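Peer 1: Before anything else, here's the structure in question.
The values are calculated or read from the model by the stated rules, or taken from the named source; none is laboratory data. Source: prediction; values computed, not measured. FYI the Cβ positions are ideal-geometry reconstructions off the backbone, even for glycines, and counts take in every protein chain you see. Ligands, DNA and RNA are excluded from the accessible area calculation, which covers all protein heavy atoms including side chains. Shrake-Rupley method; radii C 1.70, N 1.55, O 1.52, S 1.80 Å.
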Amino acid sequence: MLAGTAVSAFAAQSNPPAVPAQTAQWTPPASAPGMPAPIFLYSGSAPGALGNGEADRPRMYVFLPKKRSTSAAFLVVPGGGYQHVAIGHEGIQIALWLNAQGVPAFVLDYRVGPYRYPVEINDGRRAMRLIRQHADEYGIDPNRIGVWGSSAGGHLASSLSTHCEPTDLPPANADATDQVSCKPDFAVLEYPVISMDKTKSHAGSVLNLLGPDPDPKLVHDYSNENAVTATTPPTFLFATTRDPAVPIENALDYYRALERNHVPAEIHIYDYANHGCGLCGTIIPLSTWPALLRNWMIQHSIIPPNAPPLPLPQPNLPSWIPGLHGPGEVTEK
């Protein structure tokens with residue numbers, strides 16, 4: 001079972017390296033029966049649904065720590081190239097890492113291919129709005145909700161950071177939840193997809209989100225380095241120079257755009273070749289990046305300096321948890 005997890009009242013309705021500063025231990029779940037109950041993003045059929053199966057019902061999972069250190073929280077958006085959702089090592093494992101330091105987390109399982117834009121982005125918007133709308137029930141501050149995205153989840157997370165201004169809100173006939181702001185207050189992007197330009201992006205993410213012949217305006221607008229403004233939230237970025245899947249230019253271009261717009265930003269680039277390692281616990285050259293993130297979280301008052309210590313590095317959970325079903329599950333076609 002998952003230690004320290006809980007759900008809101010409205011859920012029913014709808015070879016690790018040694019790092020001296022890390023002392024706490026935590027245990028990841030082995031299978032789906034330990035998961036908290038899903039919170040479906042929509043009470044009925046989701047907008048644009050292609051059916052009524054598990055793949056058509058976006059949801060999130062709430063992970064609340066046994067003891068809190070902060071009123072802040074994160075929406076965690078796993079990657080998967082907009083083709084699947086790496087909910088294990090880029091979702092649940094990150095949520096438990098946050099919980100170990102007293103931080104609430106919400107793990108998103110969003111719709112992916114054959115769904116295309118704007119479905120994936122709207123699922124992320126809806127999740128952020130639900131968390132903010134029900135912040136009191138979760139005991140969190142609605143003005144201290146961040147987003148943490150990995151790989152293609154980094155694109156979705158950076159889309160929330162740059163495409164949740166008032167002009168991006170739904171029409172007035174949407175429900176009450178859709179009138180709530182979807183903009184995060186801070187962001188963590190690890191080895192993120194940022195650009196939709198095929199010359200420097202992850203081709204699979206572009207194809208799966210925008211299709212084989214995308215509208216040039218969508219390519220420009222959702223190359224999120226082009227959408228950064230002075231109001232984009234403070235951001236922490238982590239990437240590797242020789243990433244074999246997502247060119248480093250994605251993270252660099254986003255960081256440069258943040259810097260040009262005087263947005264507080266920090267980037268850590270490792271001279272290494274990796275993509276998709278999550279917290280990277282068993283990769284010794286990369287295993288220090290979570291400690292750098294913790295320092296940034298303290299610096300930005302997301303957690304206090306006396307928050308519970310950083311957990312020990314752990315081997316990765318599988319990309320998908322056996323026995324779990326949802327939109328991001330890889331199924332046989």
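Peer 1: Of all residues in region 192-215, which are assigned to a loop (DSSP other than H, G, I, E, B) and either of a type in the set (Lys, Arg) or open to solvent by 10 Å² or more (accessible area, probe 1.4 Å) (or both)?
Peer 2: Residues of region 192-215 that are assigned to a loop (DSSP other than H, G, I, E, B), as a first pass: 192-202, 211-215.
The answer is Asp197, Lys198, Thr199, Lys200, Ser201, His202, Pro212, Asp213, Pro214, Asp215.
Peer 1: Another question, then. If you go through region 219-233 one residue at a time, how many are open to solvent by 30 Å² or more (accessible area, probe 1.4 Å) and within 23 Å of Ser181 (Cβ to Cβ)?
Peer 2: Selection size over region 219-233: 5.
Peer 1: Scan region 231-238 and give yes if some residue there is over 23 Å from Arg125 (Cβ atoms), touching a strand residue (DSSP E or B) at 6+ places or on another chain (Cβ under 9 Å) and at pLDDT 95 or above, otherwise no.
Peer 2: Looking for residues that are over 23 Å from Arg125 (Cβ atoms), touching a strand residue (DSSP E or B) at 6+ places or on another chain (Cβ under 9 Å) and at pLDDT 95 or above, one finds at least one in region 231-238, hence yes.
Peer 1: Sticking with this one: Residues to consider are Leu237, Leu317, Leu292; find the one that is in a strand (DSSP E or B), under 19 Å from Ala95 (Cα atoms) and of a type outside the set (Gly, Ala, Ser). Step through it out loud before you land on a result.
Peer 2: Details: Leu317 fails: in a strand (DSSP E or B); Leu292 fails: in a strand (DSSP E or B).
Only one candidate qualifies: Leu237.
Peer 1: Here's something else I'd like to know. Give just the number: which of (1) open to solvent by less than 10 Å² (accessible area, probe 1.4 Å); (2) over 14 Å from the mean Cα position of the chain (by Cα) does Arg132 not satisfy?
Peer 2: Answer for Arg132: the failing condition is (1).
Peer 1: Does Ala72 satisfy the criteria of being within 16 Å of the chain's Cα centre (by Cα), more than 23 Å from Val330 (Cα to Cα) and surrounded by fewer than 24 Cβ atoms within 10 Å (Cβ to Cβ)? Even if it seems obvious, please write down each step before you answer.
Peer 2: Details: within 16 Å of the chain's Cα centre (by Cα): yes; more than 23 Å from Val330 (Cα to Cα): yes; surrounded by fewer than 24 Cβ atoms within 10 Å (Cβ to Cβ): yes.
Yes.
Peer 1: Further question: Looking only at strands (runs of 3 or more DSSP E) that fall completely inside region 13-120, which ones have 3 or more residues that are out of contact with any Lys or Arg (no Cβ under 9 Å at 6 or more places or on another chain) and at pLDDT 95 or above?
Peer 2: Numbers: elements: 38-40, 59-63, 73-77, 105-109.
Hits in region 13-120: 59-63, 73-77, 105-109.
Peer 1: Does any residue in region 126-139 that is on the phi > 0 side of the Ramachandran plot come within less than 8 Å, Cβ to Cβ, of a residue that is of a type in the set (D, E, K, R) and part of a loop (DSSP other than H, G, I, E, B) six or more places away or on a different chain, and which pairs are these?
Peer 2: Gly139/Arg68
Peer 1: Could you tell me which of the residues Gly124, Gly154, Gly91, Gly146 is over 26 Å from Glu54 (Cα atoms), within 16 Å of the chain's Cα centre (by Cα), crowded, with 24+ Cβ neighbours inside 10 Å and not polar (S, T, N, Q)?
Peer 2: Working: Gly124 fails: over 26 Å from Glu54 (Cα atoms); Gly154 fails: over 26 Å from Glu54 (Cα atoms); Gly91 fails: over 26 Å from Glu54 (Cα atoms).
The match here is Gly146.
Peer 1: Going by the structure shown, is Glu266 in a helix (DSSP H, G or I), at pLDDT 95 or above and buried (at least 17 other Cβ atoms within 10 Å of the Cβ)?
Peer 2: Numbers: in a helix (DSSP H, G or I): no; at pLDDT 95 or above: yes; buried (at least 17 other Cβ atoms within 10 Å of the Cβ): yes.
Taking the combined requirement at face value, the residue does not satisfy it.
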